[in-house]
1. Of all residues in the range 207-236, which are among the β-branched types (Val, Ile, Thr) and touching a residue at least 40 places away in the same chain (Cβ under 8 Å)?
2. From the set of residues in the range 194-219 that are outside any helix (DSSP H, G or I) and surrounded by fewer than 12 Cβ atoms within 10 Å (Cβ to Cβ), which is modelled with the highest pLDDT?
3. Kindly provide the set of residues from the range 252-269 that are assigned to a helix (DSSP H, G or I) and either assigned by TED's automatic domain parsing to the domain that holds Leu70 or buried (at least 16 other Cβ atoms within 10 Å of the Cβ) (or both), ordered by number.
4. Would you mind finding the one in Arg176, Arg160 that is among the basic types (Lys, Arg), within 29 Å of the chain's Cα centre (by Cα) and at pLDDT 85 or above?
5. Report whether or not Phe338 is modelled with pLDDT of 80 or more and closer than 30 Å to Thr206 by Cα.
6. Does the range 290-314 hold any residues that are touching a helix residue (DSSP H, G or I) at 6+ places or on another chain (Cβ under 9 Å), modelled with pLDDT of 85 or more and surrounded by fewer than 19 Cβ atoms within 10 Å (Cβ to Cβ), and which are they?
7. Check the range 114-136 and report whether any residue there is in a helix (DSSP H, G or I), at pLDDT 90 or above and loosely packed, with under 13 Cβ neighbours inside 10 Å.
8. Give the residues of the range 40-67 that are more than 23 Å from Glu139 (Cβ to Cβ), touching a residue at least 12 places away in the same chain (Cβ under 8 Å) and loosely packed, with under 11 Cβ neighbours inside 10 Å, sorted by residue number.
Amino acid sequence: MATIDVKKGDVETKQMIQVLVEKEKERRNHRNNNAPSIYIVDSILRNLSPNSFEPCVVAIGPLHKEDEKLQDMESHKVTYLLDLFLRLPSMPDRKMDECIERVYANVEQIRACYAGKMEAYDDCQVAKMMVIDGCFVLEFILRKFCQPADAKPSGVSVSRFHSVEELTNAGVNFKRNQDKRWPLAMEFKASWFPCFGWAWGKPTFTMPVLYIEDHTESVLRNLIAYEQCSPLSDTYITSYAVAMGMLVDTQEDIVKMVDSKVLINNLGTNRDAANMINNICENVVLQDFCYSQQCNQVGSYYDHCWPKYIAPNMAGLRRTYFSSPWNFVALVAGIILFGLTVIQTYYTEIDFVEEQMADNIHPGLVIAGNRVRKRSERIMIKNYFSKFKNTAANPVVLDEKDLDYHVVNPQAVQSNERIIPVQETDTLLRFR
């Protein structure tokens with residue numbers, strides 16, 4: 001090792017440096033030349049986002065053990081330790097003593113796993129810390145993933161509630177809960193025929209009425225904190241707050257809930273109410289969601305084709321054309337005008353076809369001494385000539401109306417079998 005050059009008389013400084021070097025050598029020997037596996041994040045990275053490197057609820061190990069905001073969880077750790085050893089079929093106290101002895105025998109190896117902050121604790125403190133923290137982690141895993149077959153599952157996977165605006169556009173009506181026996185009940189009733197909800201009733205989502213006052217946030221936060229801290233209490237209030245946080249995304253959701261009378265906002269603006277609902281469950285852990293069934297029902301309904309794609313477009317049409325009487329009158333007038341245009345186009349096309357048919361009649365044809373000019377007259381003459389041509393093969397009886405016309409330009413109507421002569425000027429057209 002390089003010799004440290006110090007000035008004469010600076011013996012104390014030299015001795016201090018040697019002491020530090022000896023401690024480092026001793027620490028490396030105790031670690032048995034094993035590199036640490038638990039590190040302290042460098043300040044350059046930590047300062048970018050300090051909250052990302054700090055525990056929110058509980059501290060495991062020595063790095064954050066002295067954090068004051070995490071001290072409340074130390075008593076919960078002891079509770080988890082006791083529950084873990086009570087799982088053993090016999091002699092839990094003896095098993096606990098054996099656990100402590102084995103941990104204490106490996107204190108030096110445990111110290112080597114940490115890259116700092118272990119010098120402040122003696123061996124007894126390190127052993128106590130590892131036993132409590134290790135048993136807490138084991139009991140937490142057992143509660144989370146090793147439940148008995150007949151136990152009520154926790155942390156059930158559920159679909160996310162869609163926002164109030166999305167559900168309203170999908171045709172869902174919101175209704176106040178009138179059940180006094182269970183005021184926090186939520187219920188979803190889907191329509192039998194989603195495509196004809198206007199005729200057989202729209203799907204209805206029944207939910208509790210929320211009165212938002214100045215003290216509402218404080219009351220809800222205290223109730224949620226009580227449910228978080230008490231292991232024996234149900235999570236009704238926490239579940240309700242989480243469900244409201246899913247339903248409310250923006251102030252437009254608050255407006256629709258106020259219109260449906262499931263929310264009374266006395267706090268101020270709708271944005272303030274939306275922010276309060278969205279932030280009230282921040283950093284809250286929920287294991288058992290009481291509204292999981294209703295949440296899955298709403299998600300299943302919304303994922304169908306009609307609510308997800310067609311119903312929002314229908315809602316847009318209602319807002320555009322049926323939002324006021326004048327919009328409705330304008331829509332009806334437009335439909336009538338369109339119908340009249342179609343009828344006019346139809347008859348114009350018919351007249352055009354008739355004109356094309358009449359143009360096939362000889363232009364020199366004259367009736368009663370006058371040249372035929374109207375299309376209707378020319379079409380009528382064409383029909384008569386068609387009858388005349390078919391008379392030879394299939395004789396027909398003509399009424400008097402068919403014999404009231406005079407023909408100029410003598411001609412003969414030829415059929416397949418014989419020629420029917422036609423009299424000349426100003427004589428009645430007759431068959432012979």
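1. Across the range 207-236, the qualifying residues are Val209, Ile212, Thr216, Ile224, Thr235.
2. The first filter runs over the range 194-219 and keeps only residues outside any helix (DSSP H, G or I), leaving 201-215.
Filter again for surrounded by fewer than 12 Cβ atoms within 10 Å (Cβ to Cβ), leaving 211, 214-215.
Working: Tyr211: 93, Asp214: 89, His215: 90.
Selected residue: Tyr211.
3. Applying the first criterion (assigned to a helix (DSSP H, G or I)) to the range 252-269 yields 252-259.
Result: Asp253, Ile254, Val255, Lys256, Met257.
4. Numbers: Arg160 fails: at pLDDT 85 or above.
Exactly one residue qualifies, and that residue is Arg176.
5. Details: modelled with pLDDT of 80 or more: yes; closer than 30 Å to Thr206 by Cα: no.
Judged against the criteria, Phe338 is not a match.
6. Residue satisfying the conditions is Ser292 alone.
7. Taking every residue of the range 114-136 in turn, at least one turns out to be in a helix (DSSP H, G or I), at pLDDT 90 or above and loosely packed, with under 13 Cβ neighbours inside 10 Å.
8. Answer for the range 40-67, where residues must be more than 23 Å from Glu139 (Cβ to Cβ), touching a residue at least 12 places away in the same chain (Cβ under 8 Å) and loosely packed, with under 11 Cβ neighbours inside 10 Å: there is none.
The values are calculated or read from the model by the stated rules, or taken from the named source; none is laboratory data. Computed from a predicted structure; not experimentally measured. FYI the Cβ positions are ideal-geometry reconstructions off the backbone, even for glycines, and counts take in every protein chain you see.
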